[in-house]
Amino acid sequence: MDFYEYLTDNAEPLFEEAVDHVMVVAMSIGIALVLGCALGVLAHRSARLRPMILAVSSTLLTIPSLALFAMFIPLLGLGTPPAVVALVLYALLPIVRNTVVGLGSVDRGVLQAARGMGMGSWRRFLRVELPLAWPVVLTGVRVSTQVVVGIAAIAALVNGPGLGNEIFRGLRSLGSPFALNLVLGGTLGIVVVALLFDAFFILLRRVTTARGIR
Amino acid sequence: MTEPMIRLDKLTKTYRGQPHPAVDQVSMDMPRGEIVVLVGPSGCGKTTTMELINRLIEPTSGRIFLDGEDVTNADPDALRRRIGYVIQQIGLFPHFTVAENIATVPKLLGWDKRRVGERVDELLDMVGLEPSEFRGRYPKQLSGGQRQRIGVARAMAADPPVMLMDEPFGAIDPITRDRLQNEFLRLQQQVQKTIVFVTHDIDEAIKLGDRIAILGERSQIAQFDTPAAILSNPASPYVEDFIGAGASLKRLHLSRVGDVGLDTGAPTARIDGDVAAARERLRSSGRAALLLLDADGRPQRWVDAGDLEGSDLSSAGEPVAAVVQAGATLSEALNEMLTSNAGVALVVDRSGGFQGLLDFETVMVATRSAPEFYRAAKVPS
Amino acid sequence: MAVDVMATPAEHSPRRALRWFGMPVFLAVVGLALYAYVSAQDLDSIEQRTLNAARLTDRVIEHLQLAALSTLIVIVIAVPLGILATRRGARFVAPVVLVLGNLGQAIPSLGLITLVVLLAGVGFKSIVFGLVAYSALPILRNTMVGLQQVDQTLVKSARGMGLSGWQTLTRIELPLAVPVILAGVRTALIINIGTATLSTFFGVQALGYVIFQGIQLDRTPVLVVGAVMASGLALLVDYLAGVVEELLTPRGL
């Protein structure tokens, strides 16, 4: 059976797995965005907490993915929950770091002006700081997504959802004639998902960046 | 005429894909031991012309002679070790100490360790930085002015007869720049190198150059002459335009206070001396005011006959203003006189000792006859 | 003149101490906690078989061998390639390499290694081959970026003083690019440590083997020991690489 046949025969399950893959990535990135932004703002505001927050999030990225997935099994069991938690932790560093960098690069004069016009600190953050830092934050999210799309493949090892299952099936049937098709299908599927996410972020960046700084 | 140190013969550089040459048939003789300044608007090809000399850019045609020797096809690396090179960004290697930076070329030339070490110390002394303090520093531990001096020291390390300097003072604040320029001229008096100096600043060119080449498009020489000659006889409207308004004012940059006739007839007295004697000295001089000096001969206060009625001189009269060193240019002296609202400038030697007075009249006379002063005035005392 | 000398401010000593000793202390604490946890467990025969010092040491050694060998090979291949790609005349290669590299990043490590093993067979060598393929990019990219970001006026200065192209490369450009190249090496090393845990599926029993045994046999102590040891190893190596990075960075930068 050649690869083309395999694709046409398995179009539906492959598509479903791809959707699962996208969902688990989207969910993890969504959570990581909220958490990462909050930590980033905290790190930006407090010079004392900054090194600690950055050190912890970069430590998380150092831990081997299989180990991180496994560590949550005793707490959360197998399946989607440990996968999402681990992926969120992996996604943190780029988002946190870029939030800190983005906020740090906002011109102090602009903030001073906003203050001078009587904007309160919350309004200043929402109307001035965040929009100006947003492109940098978004770049961080994009990097995180690339990392997470690939690592999500490994989630299949803890019975997580997604295209990793295709690879894992191929891996379990090493030596059989289907192995290559399965692995290739899963791998290429993940590459396609990654590229789609990337295209989405390019689009998102265009749409959500304030016109004046595009 | 003796052999020029550098001779450019119809030097041309054409970049691929460009219709006109960047440097077009430039011929120039640069005499031994002089500072030749290439000056022109940005984009005129002055830097390119300079980089053709050490062949960082290879000429398309034409020849380069160094000390009579045709170096157009010489090994470029060996050639460059014979030519000192300073650029605007200085380009000190950040991972080398000051000593290692200076030692770069001597080491390439295979000098032994002791000779290199001695040379480094000698050069640091020469540019006024204490060797024991600066030898082991890294460039990031230096101020802008210090970096610039190390850059010059590095270029002189192997004692090359020729130095190329591309806007070396360009990135330095005006006050430091002025000081470094003066130091540079003093140094040049000692070492007598042949220096090709690129700048876009005509004032810098006038201040530093023994000869100035004003360049137009494609590095065409609009005029190549001494600063005084260029200022008094611009060869074309282009040159006139480039010198800008106030050529006579610029001539004030050419003469130094110490070289014009100072008024040495002013009566002086020690500030801690006898009041009666001072009164007598003022009266006999026939002048309106007397200058009080401290024990080292440094000017302190001006007093008139009325001020000398009291018995204590230390707070009598007015404190002095507009004190300038003999090495200052007339332009600097004039500036002092105008800002301090004094009719005269007090000229002092390097340790601050009073030498004489400079008034507006003298400045005006000097302006008219600047060319005659020019040679002597070039080097600050 | 003494006033405008810019001295580098001394780092606050507590923070400095934290930077140098924080990680080793943290790892020691985690190690002790792990030991206490395992000692407190009533281990069954399966668990005892996996969790004994000699066997675990073997797992760690295999893991390190995989990571070290593949990283070494990557350095030997990617650094010279990165240098070549930034030389005059080959500069057009650089953007192509970077674009291809970024595309390559989208390939999941698990997929890539499985493909390599499928094509080259199960075993140590093919895993090393897979690791090399997957971790080449950071070193290649950092070598290129590191060399490209060297201030061109320094290169011009060096050439203008009469250093040859080779001398300029070895004495000026490479030393100045070292911090960036080393950061790439460190990243590659961490990627290799992480990816080497997957080697258990391809016949090499590194620390991933312990983790996967724990999952498959549903033995929490085994799983925890595997996961914590793999993480600890990665953090330790990262820490050591950081120390080396610090030591090899030329002074004055």
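Contact order, relative form, for chain B: 16 percent (alpha carbon pairs under 8 Å, 6 or more residues apart, mean separation divided by residue count). Pairing chains C and B buries close to 2500 square angstrom of accessible surface in total, based on protein heavy atoms and a 1.4 angstrom probe. The relative contact order of the stretch A:1-150 comes to 30 percent, based on Cα pairs under 8 Å that sit 6 or more residues apart.
Rolling a 1.4 Å probe over the heavy atoms of the protein chains gives the protein assembly as shown an accessible area of 46 Å² per residue. A crude spin-label estimate for the pair B:GLU309 and C:VAL243, with each label 7 Å from Cα along the Cβ direction, gives 8.5 nm.
If you look at the Cα atoms of the stretch C:61-207, you get an Rg and a Dmax of 17.4, 57 Å.
To the nearest ten degrees, helix C:13-40 and the longest principal axis of the Cα atoms of chain C are 20 degrees apart.
Contact-buried residues of the stretch C:118-167, at a threshold of 40 Å² lost accessible area versus the chain by itself: C:LEU118, C:THR153, C:LEU154, C:LYS156, C:SER157, C:ARG159, C:GLY160, C:MET161, C:GLY162 (1.4 Å probe; DNA, RNA and ligands ignored).
Separation of the stretch B:330-352 from the stretch C:60-120 is 69 Å, based on Cα centroids. Karplus-based coupling profile of the stretch C:73-87, in residue order and whole Hz: 4, 4, 4, 4, 7, 7, 5, x, 4, x, 5, 4, 5, 9, 6, with θ = phi - 60° in 6.51 cos²θ - 1.76 cosθ + 1.60 and x standing for Gly or Pro.
Taking only protein heavy atoms and a 1.4 Å probe, the accessible area of the stretch A:3-213 is 67% carbon and sulfur.
Sorting B:ARG119, B:ARG270 on solvent-accessible area from highest to lowest, probe radius 1.4 Å, gives B:ARG270, B:ARG119.
Grab the beta carbon distance between B:ARG281 and B:ARG350, set R0 = 41 Å, and tell me the FRET efficiency rounded to 0.05. Taking R0 as 41 Å, the efficiency between B:ARG281 and B:ARG350 is 0.95. Close amide H contacts of B:GLU34 (hydrogens built in the peptide plane, cut-off under 5 Å, sequence separation of 5 or more or a different chain): B:ILE195. Considering only alpha-carbon pairs that sit under 8 angstrom and 6 or more positions apart, the relative contact order computed for the stretch C:61-207 is 38 percent. Helix C:93-105 and the long axis of chain C differ in direction by around 20°, with both axes built from C-alpha atoms. Computed on protein heavy atoms with a 1.4 Å probe, the accessible areas place B:ARG82, A:ARG123, C:ARG186 in the order A:ARG123, B:ARG82, C:ARG186, largest first. Both radii are taken from the alpha-carbon atoms of the stretch B:6-245; with Rh as the Kirkwood radius, Rg/Rh is 0.97. For the stretch C:193-244 and the stretch B:212-247, what is the centre-to-centre distance using only Cα atoms, to the nearest Å? Centre-to-centre distance over Cα atoms comes out at 76 Å. For the pair C:TYR35 and B:GLN25, a Förster radius of 60 Å applied to the C-beta separation gives a FRET efficiency near 0.10, rounded to the nearest 0.05. For the stretch B:258-377, the share of accessible area belonging to carbon and sulfur comes to 48 percent (1.4 Å probe, ligands and nucleic acids excluded). Once both labels are positioned 7 Å from their Cα atoms along Cα-to-Cβ, the gap between A:PHE15 and C:LEU103 label points is 2.6 nm. Ligands, DNA and RNA excluded, the heavy atoms of B:HIS253 present near 50 Å² of accessible surface to a 1.4 Å solvent probe. For C:TYR209, the solvent-accessible surface computed with a 1.4 Å probe is close to 50 Å², ligands and nucleic acids excluded. Both chains summed, the buried accessible area for A and C stands near 2700 Å², from protein heavy atoms and a 1.4 Å probe.
Protein heavy-atom surface of chain C, 1.4 angstrom probe: 67% of the accessible area is carbon and sulfur, with nucleic acids and ligands not counted. The calculated FRET efficiency for the pair A:THR209 and C:ARG19, based on their C-beta separation and a Förster distance of 30 Å, comes to about 0.25.
Cross-link reach is defined here as a Cα-Cα straight distance under 24 Å, omitting same-chain residues fewer than 8 places apart; for B:LYS13 the lysines meeting it are B:LYS46, C:LYS156. The heavy atoms of B:PHE242 offer some 50 square angstrom of accessible surface to a 1.4 angstrom probe. For the stretch C:80-116, accessible area lost to neighbouring protein chains reaches 20 Å² or more, against the chain alone with a 1.4 Å probe, at C:LEU103, C:ALA106, C:ILE107, C:PRO108, C:LEU110, C:GLY111, C:THR114, C:LEU115. Interface burial in the stretch C:186-221, defined as at least 10 Å² less accessible area with all protein chains than with the chain alone at a 1.4 Å probe, covers C:ILE190, C:GLY194, C:THR197, C:LEU198, C:PHE201, C:PHE202, C:ILE211, C:PHE212, C:ILE215, C:THR220.
Once both labels are positioned 7 Å from their Cα atoms along Cα-to-Cβ, the gap between C:VAL76 and B:ILE221 label points is 5.9 nm.
Accessible area per residue (1.4 Å probe, heavy atoms of protein chains only) ranks A:ILE29, C:ILE73 as C:ILE73, A:ILE29, with the largest value leading. Going by alpha carbons, how many degrees (0 to 90, nearest 10) lie between the helix axis of C:174-196 and the longest principal axis of chain C? So the helix axis and the longest Cα principal axis differ by about 20 degrees.
The values are calculated or read from the model by the stated rules, or taken from the named source; none is laboratory data. Quick caveat: nothing in here was measured; it's all calculated off a predicted structure. When we count neighbours, we look across all protein chains shown, and the Cβ atoms used for this are built from the backbone with ideal geometry, even at glycine. Remember, those area values only see protein heavy atoms, side chains included, never the ligands or the DNA or RNA. Shrake-Rupley method; radii C 1.70, N 1.55, O 1.52, S 1.80 Å.
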